[in-house]
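Input: a single structure, listed below in structure tokens.
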Amino acid sequence: MKTLEQIHIKEYKITGMTCKGCEANVKKTLEALPQIETAEISVENGEGKLYFKEDIPTTILQEKLSKIGNYKITEKVSVLNGNAKSMTTLEQIITKEYEITGMTCKGCEAKIKKALEAFPQIETAEISVENGEGKLYFKEDISTTILQEKLSKIGNYIITEKKSS
């Protein structure tokens with residue numbers, strides 16, 4: 001299952017998170033918005049990276065987060081030659097879905113995510129031990145054979161691309 005999409009990626013500063021529970025609640029709340037494909041949230045850095053199917057104002061994100069806690073979200077900006085510029089990028093992202101067998105726990109899930117995200121061609125990986133699945137977001141395509149070689153080195157895992165139905 002391979003799709004090529006235009007995805008907006010924005011980086012945010014998120015304050016008010018104090019633990020992994022906050023991190024999970026913020027991620028879940030943001031990913032519930034239909035415009036957001038996925039969210040990477042870090043309580044350690046107080047940051048978030050959002051992958052949008054379509055752009056939405058930060059005020060809407062703030063409104064949603066205010067309902068679940070004392071969180072504040074602001075878009076990060078970069079300054080080039082004295083000019084503030086939004087850190088929005090528009091990239092062609094290839095999305096593929098996989099079945100992954102051999103995972104038995106959250107540790108397996110984390111190990112596989114880390115191994116796959118080590119590839120420079122992979123923007124992010126969503127891995128689910130519960131469903132035995134993974135969704136990978138590629139900047140540049142990689143063969144399943146190469147992914148399998150990497151996973152074979154870290155455990156008894158088998159990755160196969162899901163076919164479109």
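Estimate the FRET efficiency between Glu99 and Ser42 by the formula 1/(1 + (r/R0)^6), using the beta-carbon distance for r and 41 Å for R0, to the nearest 0.05. Intermediate values should be presented prior to the final figure.
On the way: r = 28 Å, r/R0 = 0.69.
Result of the calculation: an efficiency of 0.90.
Only four residue types carry charge here, +1 at the Cβ of Lys and Arg and -1 at the Cβ of Asp and Glu. Report the dipole size of the chain about the Cα centre in Debye, rounded to the nearest 20. Could the numbers behind the result be given before it?
Values: 24 positive and 25 negative charges, 70 e Å.
About 340 debye.
Quick check: residue separation of Lys139 and Glu117 times 0.36 nm, minus the Cα distance between them. What number comes out in nm? Let's see the in-between values first.
Values: separation 22, 0.36 × 22 = 7.92 nm, distance 1.14 nm.
Using 0.36 nm per residue and subtracting the Cα-Cα distance, I get 6.8 nm.
Please give the calculated 222 nm ellipticity per residue for the chain, where each DSSP H segment of at least 4 residues contributes -39500 (n - 2.57) and the sum is spread over every residue; nearest 500 deg cm²/dmol?
So the helix-based figure for the chain works out to -8000 deg cm²/dmol.
Roughly how many Å² is the accessible area per residue of the chain, as a whole number, for a 1.4 Å probe? Before the final figure, lay out each step's value.
Numbers: 9130 Å² over 165 residues.
Ligands and nucleic acids excluded, the figure is 55 Å² per residue.
For the range 99-165, what class follows from the C-alpha gyration tensor (a ≥ b ≥ c being the square roots of its eigenvalues): rounded when a/c is under 1.5, otherwise prolate if a/b is larger than b/c, else oblate? Kindly include the intermediate steps, with their values, before the conclusion.
Numbers: a/c = 1.42, a/b = 1.21, b/c = 1.17.
Since a/c stays below 1.5, the shape of the range 99-165 is classed as rounded.
Take the chain, mark every one of the GluC sites (Glu not before Pro) that falls in a DSSP loop and has at most 16 other Cβ within 10 Å, then report the longest stretch left between them, sites excluded.
Details: sites that count: Glu44, Glu54, Glu130, Glu140.
Formally, the longest exposed-site-free interval is 55-129.
Tell me whether the range 11-79 comes out rounded, prolate or oblate; compute the Cα gyration tensor, take square roots of the eigenvalues as a ≥ b ≥ c, and use a/c under 1.5 as the rounded threshold.
Values: a/c = 1.43, a/b = 1.17, b/c = 1.23.
Here the range 11-79 falls in the rounded category.
For Val43, Val77, Val26, give the ranking by accessible area with the largest first, probe 1.4 Å.
Ranking Val43, Val77, Val26 by accessible area, largest first, yields Val77, Val43, Val26.
Hey, got the Cα dimensions of the chain along the principal axes, in Å, largest first?
Largest first, the chain extends 46, 34, 32 Å along its Cα principal axes.
Tell me, what is the FRET efficiency for Asn131 and Val77 to the nearest 0.05, using R0 = 35 angstrom and their Cβ-Cβ distance as r? Intermediate values should be presented prior to the final figure.
Working: r = 37 Å, r/R0 = 1.05.
Once the sixth-power term is evaluated, E becomes 0.40.
Determine the alpha carbon to alpha carbon distance for each of Lys111/Lys153; Lys53/Lys139; Lys96/Lys150; Lys49/Lys163 and list only those over 21 Å.
Numbers: Lys111/Lys153 11 Å; Lys53/Lys139 16 Å; Lys96/Lys150 17 Å; Lys49/Lys163 29 Å.
The pairs that break the limit, which is 21 Å between Cα atoms, are Lys49/Lys163.
Using a Förster distance of 41 Å, how high is the FRET efficiency between Glu149 and Asn70, based on the Cβ-Cβ distance and rounded to 0.05?
Numbers: r = 46 Å, r/R0 = 1.12.
The pair Glu149/Asn70 has a calculated efficiency of 0.35.
The values are calculated or read from the model by the stated rules, or taken from the named source; none is laboratory data. This one's a predicted model, so the numbers in the text were calculated from it and none came from an experiment. Don't worry about glycine lacking a Cβ; one is built from the backbone with ideal geometry, like all the others, and counts go over all protein chains shown. Only protein heavy atoms, including side chains, enter the accessible area calculation; ligands, DNA and RNA are left aside. Shrake-Rupley method; radii C 1.70, N 1.55, O 1.52, S 1.80 Å.
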